[in-house]
Amino acid sequence: MTTATLPLSGLKVIELGTLIAGPFAARICAEFGAEVIKVESPDGGDPLRKWRKLYEGTSLWWFVQARNKQSLTLNLKSPEGLDILKQLLGEADILIENFRPGTLEKLGLGWDVLHALNPGLVMVRLSGFGQSGPMKDQPGFGAVGESMGGLRYITGFEDRPPVRTGISIGDSIAALWGVIGALMALRHREINGGLGQIVDVALYEAVFAMMESMVPEFDVMGFIRERSGNIMPGITPSSIHTCADGKAVQIGANGDAIFQRFMRAIGRDDLANDPQLSDNAGRDGRRDELYQLIDAWTASLPQEQVLALLSKAEVPASRIFSVADMFSDPQFLARDMFIEGKLPDGKTFKTPGIVPKLSATPGSTQWSGPALGEHNAPLLKSLGYSETDIAELKQRGVI
């Protein structure tokens, strides 16, 4: 399938973002056919290029996060650099930025200017606390958003301090909301004859929006959800258990019929037929009893046997996958969750497969993250700059 047949083909996206939230949102657009131009500082570019594990000086994360993007270096402190950016924005559909609020305004690129320049432009703004409110000017990373949005408070064990997840999940959640908002704004522009608009995503609000029933439970009942370790509070049984070989399994048997199948599979027909355990409320009231007997059962068998018995009984369960487990797992492989990319030296490497799976117009990876300024010449030539012009811009530090 060519990029011309992908669902976002024909859309032009300008990315003025660094690190995680903005670039991840732009990456999703690029995977589904949008032309994404990532504008970077000539002085090193996106810091993500140097984050975590490096391959010949460049982050392996970069090659995934920037796939399908074009890299254009612009010194936005120079009038010429700003002029080039304005030319690009004048013909763009979406601008994605994750600077601290006020940064673009200081550059003379506030919404009033951009909207006058391109009335159809959709501006996705990802920031720690949004574009309004008393905290809008404060810097905020994903970790802060996760803390303020409620995720960190409920993560961990009740007798220990809160813990973080092993990835920057707050940034990624915000990126998803940003893409959803951009597509809704484009839909409005297309169907309602509307103009472009601002999509304002605050990291803490992106996380807060995922907090399930936390708000009404507190408002109506004064209930504050606390850390609960491996169990799902109020939903029983759903937890992680240790097997005889020391390996862990996640078991989710909280559906009424599933619970009955689970109890029969472990030889506890009495509990399967216990009317008090026929619904979640009854099971949660006897949570400790149930988890003790499940712990005892898993501790008597190796992990593979536990999983085999639960699979036969159609009880949702899983080992706790490491990335090494994923690489050899039939489900991951059948769903093309590892696709091949190429590093600058031609070496092939596995990259994450594309999500979601579209039946008619699936996303694709055309190339891995580009070198800094790799697309300067073709992009500037498309704006009418000659090779001589480009050489002069480079000499003066504009690109």
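Going out from 0 in 10 Å bins, what whole percent of all Cα-Cα distances in the chain drops into each bin?
4, 18, 25, 23, 16, 9, 4, 1, 0
Would you mind classifying segment 1-154 by shape? Square roots of the alpha carbon gyration tensor eigenvalues, ordered a ≥ b ≥ c; an a/c under 1.5 is rounded, otherwise it is prolate if a/b is larger than b/c and oblate if not.
rounded
Can you list the HN-Hα couplings for segment 300-307, worked out from phi with the Karplus curve (6.51, -1.76, 1.60; θ = phi - 60°), rounded to whole Hz and with x for Gly and Pro?
Ordered by residue, 3J(HN,Hα) equals 8, 9, x, 4, 4, 6, 4, 5 Hz.
Using the Cα atoms of segment 87-202 to build a convex hull, what is its mean projected area in square nanometres?
8.6 nm²
Taking the mean number of other Cβ atoms within 10 Å as a proxy for protection, how do you rank 78-91, 330-343, 180-193 from highest to lowest?
Highest to lowest by the protection proxy: 78-91, 180-193, 330-343.
Check which residues have an amide H placed less than 5 Å from Phe338's amide H, if you skip close sequence neighbours.
Sorted by chain and number, the residues that satisfy this are Gly353.
Working out 0.36 nm times the residue gap between Asp274 and Asp389, then minus their Cα-Cα distance, what length gain in nm do you get to one decimal?
33.3 nm
Specify the residue with the greatest mean-square fluctuation among Ala377, Ala324, Ala175, computed from a Gaussian network of the chain linking alpha-carbon atoms under 10 Å apart.
Between Ala377, Ala324, Ala175, it is Ala324 that shows the largest mean-square fluctuation.
How big is the dipole moment of the chain about its Cα centre under a simple scheme where the beta carbon of each Lys and Arg is +1, that of each Asp and Glu is -1, and everything else is neutral? Debye, nearest 20, please.
It works out to roughly 640 debye.
Which part of segment 317-343 falls in the paramagnetic zone of Met210, meaning amide N under 19 Å from the point 7 Å along Cα-to-beta-carbon?
321-323
About the Cα centre, and with charges only on the beta carbon of Lys, Arg (+1) and Asp, Glu (-1), how big is the dipole of segment 238-321? Nearest 20 debye, please.
Around 220 debye, computed over segment 238-321.
Could you please report the charge total around Met214, scoring K, R as +1 and D, E as -1 over all other residues with beta-carbon less than 15 angstrom from its beta-carbon?
Once all neighbours under 15 Å are counted, the net charge is -3.
Would you kindly calculate the mean projected area, averaged across all directions, of the convex hull enclosing the Cα atoms of segment 1-77, in square nanometres?
Convex hull of Cα atoms, orientation-averaged projection: 5.5 nm².
Would you mind getting the Kirkwood hydrodynamic radius of segment 238-321 from its Cα pairs, rounded to one decimal in Å?
Evaluated over segment 238-321, this radius sits at 12.6 Å.
Can you tell me how much longer the chain between Asn192 and Asp245 gets when fully stretched, taken as 0.36 nm per residue apart minus their C-alpha distance, in nm with one decimal?
Extending this stretch completely gives an extra 13.0 nm.
Applying a 10 Å radius around every beta-carbon, put 379-385, 364-370, 198-204 in order of their mean neighbour count, most first.
Averaged packing, sorted descending, gives the order 198-204, 364-370, 379-385.
FYI, it's all coordinate maths here, none of it is from the lab. A quick note: this is a predicted structure, and the numbers were derived from the prediction, not measured. Because the Cβ atoms are built from the backbone with ideal geometry, glycine has one as well, and the counts that use them run over all protein chains shown.
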